[in-house]
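S.K.: Got a structure for you, questions after.
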Amino acid sequence: MKNLLLLSILFICGCGAGNPVLDAMVGGMSVTKVESYFNLDEKQEKEFEKNVEHDLKRLKQEQLQEFSKSLRQFDERIPKEKSDSIILSEAFDLLEKEYTRSSGYFKNAAVKLTNTLRDEQFDYFENRVKKEIAESRAQSVQSKNSELKERYRKQILFWVGKMDVHQEQALDQFIRKGQFPWKERLDNRESILNSFMAKRRDSAKLRAMAAQFMTDYDSLRTPEYAQAIQNYETKFKGFLNKFWSSLSSEQKQQMQISLNKQALEIDRFAAISVTDK
């Protein structure tokens, strides 16, 4: 649900390829991708990677084991939940909370990187993001919805296995009627970009925005997007709760297996020294 805009691209080196939770929590945004947005030089890359590793160490020590503990609690609940349970929407809320909490750990790396950016790197970044916004505006809603559906399908496959025909139809219907706020999201991205660029000459304001983006992204949203995404997430959680009632016993068992496997992977990742990577 989170956008890859502005300093969210600072959100840590990849460490869980193919793993939706680790990719969302601490992965997917490699140092290489940061370089592609800001055109960092070798010195900046090395310094950024060092700062990210320092922040990652804190995340491992302070947060990840608590997250794996929460996943195990959901695992234990599954056999006891009734058909009208809201366990899936509660799990969604947990992932959102953990994503936000974890991203805050990389505030220092983000702030320090902004301090090193040169004028031509700000311009490079602005042009790159504006191009992406323009391309996304030109893309049809149907195409965007198709991509969104595929992302949801992969997530569902990861957690509960293959969907049956009725579940596929339910997902199709939600994508059509849920109306993800594509326009508001792009307007929001453009607004944040403009705000970021306006602060490029004021280092104190720039640092403050970088920190705010990592620790309280929602507060930077435009009112229109904040309301639109809140409405969408309400519909999405309603879909999840109905989807739970359609799960077979085999799918629930698979969800338990996936939760336990995920918790073990997070525990293993938390135990790995950053220097061992």
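S.K.: Exactly one of these conditions fails for R201: (1) part of a loop (DSSP other than H, G, I, E, B); (2) surrounded by 12 or more Cβ atoms within 10 Å (Cβ to Cβ). Give me its number.
M.R.: (2)
S.K.: Still on this structure, I have one more. Of the conditions (1) under 21 Å from the mean Cα position of the chain (by Cα); (2) surrounded by 12 or more Cβ atoms within 10 Å (Cβ to Cβ); (3) of a type outside the set (A, V, I, L, M, F, W, C), E150 fails just one. Which one is it?
M.R.: Evaluating E150 over (1) under 21 Å from the mean Cα position of the chain (by Cα); (2) surrounded by 12 or more Cβ atoms within 10 Å (Cβ to Cβ); (3) of a type outside the set (A, V, I, L, M, F, W, C) leaves (2) as the failure.
Let's see how each residue does on (1) surrounded by 15 or more Cβ atoms within 10 Å (Cβ to Cβ); (2) at pLDDT 90 or above:
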| site | (1), (2) |
| --- | --- |
| L88 | yes, yes |
| L94 | yes, no |
| K97 | no, no |
| S102 | yes, no |
| F106 | yes, no |
| T116 | no, yes |
| D123 | no, yes |
| N127 | no, yes |
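S.K.: Also, quick follow-up: Please determine whether any residue of region 151-167 is in contact with a Lys or Arg (Cβ under 7 Å, 6 or more places away or on another chain) and either in a helix (DSSP H, G or I) or of a type in the set (D, E, K, R) (or both).
M.R.: If we filter region 151-167 for residues that are in contact with a Lys or Arg (Cβ under 7 Å, 6 or more places away or on another chain), which is where we start, we get none.
No, that holds for no residue.
S.K.: Hey, another quick one. Looking at the structure I just gave you, is F106 under 18 Å from the mean Cα position of the chain (by Cα) and either touching a residue at least 40 places away in the same chain (Cβ under 8 Å) or at negative phi (or both)? Steps first, answer last, please.
M.R.: Details: under 18 Å from the mean Cα position of the chain (by Cα): yes; either touching a residue at least 40 places away in the same chain (Cβ under 8 Å) or at negative phi (or both): yes.
Yes, satisfied.
S.K.: Next question. Please find, among Q61, Q65, the residue that is within 22 Å of W159 (Cα to Cα), surrounded by fewer than 21 Cβ atoms within 10 Å (Cβ to Cβ) and either in contact with a Leu (Cβ under 8 Å, 6 or more places away or on another chain) or modelled with pLDDT of 85 or more (or both). Walk me through it before giving the result.
M.R.: On the way: Q61 fails: within 22 Å of W159 (Cα to Cα).
Sole residue among the options that is within 22 Å of W159 (Cα to Cα), surrounded by fewer than 21 Cβ atoms within 10 Å (Cβ to Cβ) and either in contact with a Leu (Cβ under 8 Å, 6 or more places away or on another chain) or modelled with pLDDT of 85 or more (or both): Q65.
S.K.: Same structure again: Which of the residues spanning region 164-193 are among the basic types (K, R) and within 21 Å of the chain's Cα centre (by Cα)?
M.R.: K183, R185, R189
S.K.: Being closer than 20 Å to Q73 by Cα and either at pLDDT below 95 or hydrophobic (A, V, I, L, M, F, W, C) (or both) narrows it down to one residue among I257, I229; which is it?
M.R.: Result of the check over I257, I229: I257.
S.K.: On to the next question. Go through region 212-226 and give me each residue that's exposed (fewer than 14 other Cβ atoms within 10 Å of the Cβ) and either among the acidic types (D, E) or at pLDDT 95 or above (or both).
M.R.: If the condition is that a residue be exposed (fewer than 14 other Cβ atoms within 10 Å of the Cβ) and either among the acidic types (D, E) or at pLDDT 95 or above (or both), then D216, D218, P223 are the ones that fit.
S.K.: Right, next: Out of K199, K237, K205, which single residue is charged (D, E, K, R) and touching a residue at least 40 places away in the same chain (Cβ under 8 Å)?
M.R.: Of K199, K237, K205, the one residue that is charged (D, E, K, R) and touching a residue at least 40 places away in the same chain (Cβ under 8 Å) is K237.
S.K.: Could you run through region 121-134 and say how many residues are closer than 24 Å to K46 by Cβ and free of Cβ contacts under 8 Å to residues at least 12 places away in the same chain? Spell out the reasoning first.
M.R.: Looking only at region 121-134, we keep the residues that are closer than 24 Å to K46 by Cβ, and these are 121-125, 128.
Now drop any that are not free of Cβ contacts under 8 Å to residues at least 12 places away in the same chain, which leaves 123.
Residues meeting the conditions: 1.
S.K.: Separate question: Quick check on M209: is it of a type outside the set (S, T, N, Q), under 30 Å from A263 (Cα atoms) and surrounded by 14 or more Cβ atoms within 10 Å (Cβ to Cβ)?
M.R.: So M209 fails the test.
S.K.: Does V52 fit the bill of being assigned to a helix (DSSP H, G or I), of a type in the set (A, V, I, L, M, F, W, C) and farther than 17 Å from F196 by Cβ?
M.R.: Working: assigned to a helix (DSSP H, G or I): yes; of a type in the set (A, V, I, L, M, F, W, C): yes; farther than 17 Å from F196 by Cβ: yes.
When the stated conditions are applied, V52 passes them.
S.K.: While we're on this one: Considering only residues that are free of Cβ contacts under 8 Å to residues at least 60 places away in the same chain and assigned to a helix (DSSP H, G or I), look in region 66-90 and name the one that is farthest from K205 (Cα to Cα).
M.R.: Only one residue fits best here, namely K80.
S.K.: Hey, can you tell me all the residues within region 35-54 that are modelled with pLDDT under 90 and in contact with a Phe, Trp or Tyr (Cβ under 8 Å, 6 or more places away or on another chain)?
M.R.: Matches in region 35-54: Y37, V52.
S.K.: Could you tell me which numbered condition M255 fails, if it satisfies all but one of (1) of a type in the set (A, V, I, L, M); (2) under 21 Å from P181 (Cα atoms); (3) crowded, with 18+ Cβ neighbours inside 10 Å?
M.R.: (2)
The values are calculated or read from the model by the stated rules, or taken from the named source; none is laboratory data. In this text, all values refer to a predicted model and were calculated from it rather than measured experimentally. For neighbour counting, all protein chains shown are included, and Cβ atoms are generated from backbone atoms with ideal geometry for every residue, glycine included.
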